[in-house]
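Everything on this sheet refers to the single structure shown next.
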Amino acid sequence: MIVKNYFGETADGRAVDCYTIKNTKETAVDIITYGATINSIYAADRNGVFADILAGFDTVEGHEKYSDYEGMTVGRYANRIAGGKFSIDGIEYNVEKNENGKTCLHGGAELSRAVWKAIIIDDCSLEMSYSSPDGAMGFPGKVDFKVTFTLFEDNSLKVDYYAVSDKKTVINMTNHAYFNLAGKGDILNHELMINADAYTPIDADSIPTGEIRPVEGTPFDFRVSKPIGRDIGAEDEQLAIGKGYDHNFCLNEGDGPAAVAYDPESGRMLEVFTDLCGVQLYTGNFLDGTKPGKKGEGLIKHAGFCLETQYYPNTPNMPEFPQCTIDAGEKFTSCTVFRFSVK
Ligand code: BGC
């Protein structure tokens, strides 16, 4: 079942709607048209008690004033582009340097500030679309984006990304949900598995150095599930740069989940499946309690963890990484599934 409700209005007067997709298990997902944002996910714990397992905001104003991309659809280029520039076929493009005036983070302030158009496809599927003009944020090509959210009876939420451009361009899309399977507190006791033998270390601007470093023997080894907080404070140059985990993991190939998170207290479990080659684990390191989140409660440090499925960061400047440049007319597609259960 999908129900549409008015959610609020942006400061410049654009109306924002909220679509709730609910299955017969009472699992529900709120998606708002501002930023094509997954705003809330209501999932049962092992006793059947439901809680909202996303940290974020309950008003448009919250998103507009305080957002660190909570729940948002992120593009045109998720993660960072070094120096806010890159070249395609010898043409240099300068894109918005929205991070410290140095790097382009999450494609700049376009997609996640846009009000997307929503179409209810059927009882469990909602399509959001947005057309970005040629040159927006400095990127080449007019790009038509579509993101389809489908909630299945087995409590999986499938997110399908689609983009097509009229010029050769780069596309990297993700969702930036901050999960907190307890629905409260911080996520340091959540156990996490990431199916990655290696990760991409970063420089002081959080740009990958190009090295593909084995996780073996480092705090980045999540191949066997462990509490997120176990090694987060370890003495490690990479953790120091990120103030915790804020790194891309190079996913191993295979059909199993890319990542599994589990909250031992509530019993809630999240499995993440993707056809993409990377995932950014970000543990809310820069939250400090000063931004009011849902119900006005401060978004505390480590209030949520993000598993941002993606191409590795900065691909247009790193030809050795798997590339996400598409030709004019070529379709970009990718798919990520978040499956909720209890243990
Ligand atoms: C980045 C973080 C950033 C966060 C919110 C993550 O994807 O890697 O460094 O603080 O997004 O913008």
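The values are calculated or read from the model by the stated rules, or taken from the named source; none is laboratory data. Please read all numbers here as calculations on a predicted model, not as lab measurements. Neighbour counts run over all protein chains shown; Cβ positions are idealised from the backbone, glycine included.
When each of Leu105, Leu126 is tested for being in contact with a Phe, Trp or Tyr (Cβ under 8 Å, 6 or more places away or on another chain) and crowded, with 20+ Cβ neighbours inside 10 Å, the lone residue that passes is Leu126.
Please count how many residues of the range 207-228 are surrounded by fewer than 21 Cβ atoms within 10 Å (Cβ to Cβ) and within 16 Å of the ligand (Cβ to nearest atom).
Step one: of the range 207-228, the residues surrounded by fewer than 21 Cβ atoms within 10 Å (Cβ to Cβ) are 207, 209-219, 221, 223-227.
Restricting the remaining residues to those that are within 16 Å of the ligand (Cβ to nearest atom) gives 207, 209.
Matching residues across the range 207-228 total 2.
From (1) under 26 Å from Lys22 (Cβ atoms); (2) within 15 Å of the ligand (Cβ to nearest atom); (3) in contact with a helix residue (DSSP H, G or I) (Cβ under 6 Å, 6 or more places away or on another chain), pick out the condition that doesn't hold for Leu54. With respect to (1) under 26 Å from Lys22 (Cβ atoms); (2) within 15 Å of the ligand (Cβ to nearest atom); (3) in contact with a helix residue (DSSP H, G or I) (Cβ under 6 Å, 6 or more places away or on another chain), Leu54 is out only on (3).
In the list Asp263, Asp231, Asp275, Asp246, which residue meets the criterion of being of a type outside the set (Phe, Trp, Tyr) and within 15 Å of the ligand (Cβ to nearest atom)?
Working: Asp263 fails: within 15 Å of the ligand (Cβ to nearest atom); Asp231 fails: within 15 Å of the ligand (Cβ to nearest atom); Asp275 fails: within 15 Å of the ligand (Cβ to nearest atom).
Only one candidate qualifies: Asp246.
For Arg268, the stated conditions do not hold, so it cannot be described as charged (D, E, K, R), surrounded by 15 or more Cβ atoms within 10 Å (Cβ to Cβ) and touching a helix residue (DSSP H, G or I) at 6+ places or on another chain (Cβ under 9 Å). What about Thr37, is it under 23 Å from Phe152 (Cα atoms), away from the ligand (no atom under 14 Å from the Cβ) and not hydrophobic (A, V, I, L, M, F, W, C)? No; evaluated as a whole, the condition is false for this residue. Taking every residue in the range 155-179 that is small (Gly, Ala, Ser) and pairing it with any residue that is within 16 Å of the ligand (Cβ to nearest atom) and part of a loop (DSSP other than H, G, I, E, B), at least 6 positions away or on another chain, the pairs with Cβ-Cβ distances below 6 Å are Ala177/Gly71.
For the range 238-258, how many residues meet the condition of being among the hydrophobic types (A, V, I, L, M, F, W, C) and assigned to a helix (DSSP H, G or I)? Step through it out loud before you land on a result.
Residues of the range 238-258 among the hydrophobic types (A, V, I, L, M, F, W, C): 239-241, 249-251, 258.
Among the residues that remain, those that are also assigned to a helix (DSSP H, G or I) are: 239-241.
Of the residues in that region, 3 qualify.
Being closer than 23 Å to Leu151 by Cα and buried (at least 17 other Cβ atoms within 10 Å of the Cβ) is a property that Phe273 has. Taking the range 263-343 and the strands (runs of 3 or more DSSP E) fully enclosed by it, the elements with 1 or more residues that are in contact with a Lys or Arg (Cβ under 6 Å, 6 or more places away or on another chain) and in contact (Cβ under 8 Å) with a residue 60 or more places away in the chain are at 268-274, 331-342. Looking across the range 281-301, just one residue is more than 11 Å from the ligand (Cβ to nearest atom) and crowded, with 23+ Cβ neighbours inside 10 Å, and that is Leu299.
Being away from the ligand (no atom under 16 Å from the Cβ), of a type outside the set (A, V, I, L, M), without any contact (Cβ under 8 Å) to a residue 40 or more places away in the chain and not in a strand (DSSP E or B): is that true of Glu61 here? Let's see the steps before the verdict.
Working: away from the ligand (no atom under 16 Å from the Cβ): yes; of a type outside the set (A, V, I, L, M): yes; without any contact (Cβ under 8 Å) to a residue 40 or more places away in the chain: no; not in a strand (DSSP E or B): yes.
So Glu61 fails the test.
Residues of the range 116-136 include none that is of a type in the set (D, E, K, R), touching a residue at least 60 places away in the same chain (Cβ under 8 Å), closer than 18 Å to Met173 by Cα and within 15 Å of the ligand (Cβ to nearest atom). Only one of Ala44, Ala36, Ala51 is crowded, with 24+ Cβ neighbours inside 10 Å, among the aliphatic types (A, V, I, L, M) and either under 25 Å from Phe338 (Cβ atoms) or within 21 Å of the chain's Cα centre (by Cα) (or both); which? Every option except Ala36 fails the conditions.
Checking the condition at pLDDT 95 or above, surrounded by fewer than 19 Cβ atoms within 10 Å (Cβ to Cβ) and more than 29 Å from Met269 (Cβ to Cβ), which residue from Glu153, Glu237 passes?
Glu237
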